[in-house]
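I have placed the structure first, in the form of structure tokens, so that the comments after it can refer back to it.
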Amino acid sequence: MEWENSKQLYEEACRWIPGGVNSPVRSARAVGMHPIFIKEAGGCRLVDEDGNTYIDYVGSWGPLIVGHSHPCVVEAVRKAAERGTSYGIPTRLETSMAQKVVEMVPSMEMVRMVSSGTEATMSAIRLARGYTGRKKIIKFNGCYHGHGDCLLVQSGSGVATLGIPGSPGIPEEIVRHTLSLPYNHLDGVRDVMERLGSEVAAIIVEPVAANMGVVPPRPGFLEGLRQLCDAHGAVLIFDEVITGFRLAAGGAQERFGVLPDVTCLGKIIGGGLPVGAYGGKREIMLKMAPAGDVYQAGTLSGNPLAMSAGLATLELLSQGGVYDALEEKGRYLAEGLSGAAKAAEVPMVMHRVGSLGCGFFTNEPVVDFESALKSNTRAYAVFFQEMLKEGVYLAPSQFEAFFVSLAHEKSHLDRTVDAAARALRRVKEELY
Ligand SMILES: *Cc1c(COP(=O)(O)O)cnc(C)c1O
């Protein structure tokens with residue numbers, strides 16, 4: 001397999017774009033490569049600029065749960081574009097979207113649309129601080145909540161991939177009120193809440209952590225956070241930017257039966273266009289301007305193209321049997337990959353929740369960021385490259401998830417597992 005065109009395009013991109021990419025996670029440095037450049041996609045298939053095709057398990061990092069360029073989504077965007085791409089004046093589409101979200105997500109009574117997941121979490125934090133009049137926030141190591149200043153502490157995803165703890169450019173004073181604690185360790189949170197609970201505005205958590213690889217919550221962890229927030233008057237924020245509309249129609253909160261006060265959404269809600277949203281209890285949401293005094297705004301918020309793509313996607317997800325199908329596809333793939341690792345005698349801990357999963361190259365349990373970091377990232381790099389040669393596109397980092405979509409059919413999953421069997425044998429030869 002050749003990547004000559006991608007290589008040239010990357011070199012050209014590096015002259016004009018820092019690192020050649022518009023988001024660090026697209027860099028393939030961690031797996032010892034340059035990124036491949038994509039020309040087009042359809043269903044679960046990607047085509048690169050050298051004409052190679054791949055079965056895609058990134059799906060634009062989660063949004064494309066119905067597959068690339070689904071006809072219903074494309075048609076909705078096309079029709080919307082013909083009526084105008086943006087007005088900056090309200091449309092009925094925004095109300096339809098808000099109603100749809102409230103109908104699907106159990107804890108949400110009102111919702112505000114923004115243009116990215118980062119905006120959603122930043123705004124949710126501001127809202128929680130405005131609502132409680134408190135300053136401190138608690139987050140968890142290895143959870144990524146976008147790149148807002150006060151949340152870019154011990155965050156996973158690209159920051160973990162590059163091996164940097166935080167980021168220059170964020171003054172100490174800004175993160176002074178951010179406490180980052182180990183994921184899945186309720187005792188640690190309880191201790192902090194007992195000491196500082198009356199100063200804590202919010203606890204923000206990925207209900208299934210999916211930016212340090214995939215780490216599900218231990219039984220009782222989310223319930224415990226709910227109780228601690230209730231006991232100390234803090235706002236519980238679920239960052240469901242990945243898990244929302246993926247783990248169930250109502251996201252992780254439906255799947256695990258724990259309801260937050262405020263939910264952040266992104267990715268799937270935009271159907272592949274730039275969208276985020278946050279919402280929750282009416283009483284809290286009415287603090288937002290112009291109903292209340294906490295300010296947040298956006299020129300392109302609720303953009304008609306984005307609302308149309310998102311609504312079309314949510315409609316497709318509202319059809320019966322969709323989540324059972326996703327569950328089954330996820331299970332089939334995860335079991336196939338696990339089996340392939342076992343057969344090749346390569347240590348792998350497989351985590352999966354619904355259609356979201358990750359195989360860690362380690363044989364020790366992965367329960368938090370610390371244990372995730374013990375994975376053999378060199379083994380992952382070899383695996384990634386071998387899978388790429390086999391025509392399977394995985395995230396170019398151990399600390400990301402695989403995303404299965406409705407467009408992945410059994411034949412694609414079988415081809416993936418066959419490819420993994422060969423790739424893992426080569427991982428074994430090179431590293432174990
Ligand atoms: C992707 C992600 C974000 C940030 O969303 P952007 O649209 O990239 O700004 C926030 N939280 C989680 C859990 C995410 O996975």
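With the condition being open to solvent by 30 Å² or more (accessible area, probe 1.4 Å), I'd like the strands (runs of 3 or more DSSP E) fully within the range 33-140 carrying at least 2 qualifying residues. So the answer is 38-42, 110-114. Going by the conditions given, is Thr299 surrounded by fewer than 20 Cβ atoms within 10 Å (Cβ to Cβ) and either within 18 Å of the chain's Cα centre (by Cα) or part of a loop (DSSP other than H, G, I, E, B) (or both)? Yes, satisfied.
Residues considered: Gln227, Gln296. Of these, the only one that is of a type in the set (S, T, N, Q) and in contact (Cβ under 8 Å) with a residue 12 or more places away in the chain is Gln296. Do we find that Asp149 is of a type in the set (Asp, Glu), within 16 Å of the ligand (Cβ to nearest atom), over 15 Å from the mean Cα position of the chain (by Cα) and not assigned by TED's automatic domain parsing to the domain that holds Gly32 in this structure? Spelling it out, Asp149 is indeed of a type in the set (Asp, Glu), within 16 Å of the ligand (Cβ to nearest atom), over 15 Å from the mean Cα position of the chain (by Cα) and not assigned by TED's automatic domain parsing to the domain that holds Gly32. Of all residues in the range 255-270, those being touching a residue at least 60 places away in the same chain (Cβ under 8 Å), farther than 20 Å from Ile125 by Cα and open to solvent by 10 Å² or more (accessible area, probe 1.4 Å) number 1. Among the residues of the range 251-278, the one identified as part of a strand (DSSP E or B) and within 17 Å of Leu228 (Cβ to Cβ) is Val262.
Evaluate the following for Leu64: is it within 26 Å of Gly251 (Cα to Cα) and within 16 Å of the ligand (Cβ to nearest atom)? When the stated conditions are applied, Leu64 passes them. Find the residue count for the range 332-352, including only residues that are surrounded by fewer than 16 Cβ atoms within 10 Å (Cβ to Cβ), outside any loop (DSSP other than H, G, I, E, B) and among the charged types (D, E, K, R). The qualifying residues number 2. With respect to (1) closer than 29 Å to Gln398 by Cβ; (2) in contact (Cβ under 8 Å) with a residue 60 or more places away in the chain, the lone exception for Thr362 is condition (2).
Considering (1) outside the structural domain of Lys389 (by TED's automatic domain parsing); (2) more than 16 Å from the ligand (Cβ to nearest atom); (3) not charged (D, E, K, R), the lone condition that Ser116 does not fulfil carries the number (2).
The values are calculated or read from the model by the stated rules, or taken from the named source; none is laboratory data. Just so we're clear, the structure is a prediction, and the values are computed from it rather than from any experiment. Backbone-built Cβ (ideal geometry, glycine too); neighbour counts: all protein chains shown. For accessibility, only protein heavy atoms count, side chains too; no ligands or nucleic acids. Shrake-Rupley method; radii C 1.70, N 1.55, O 1.52, S 1.80 Å.
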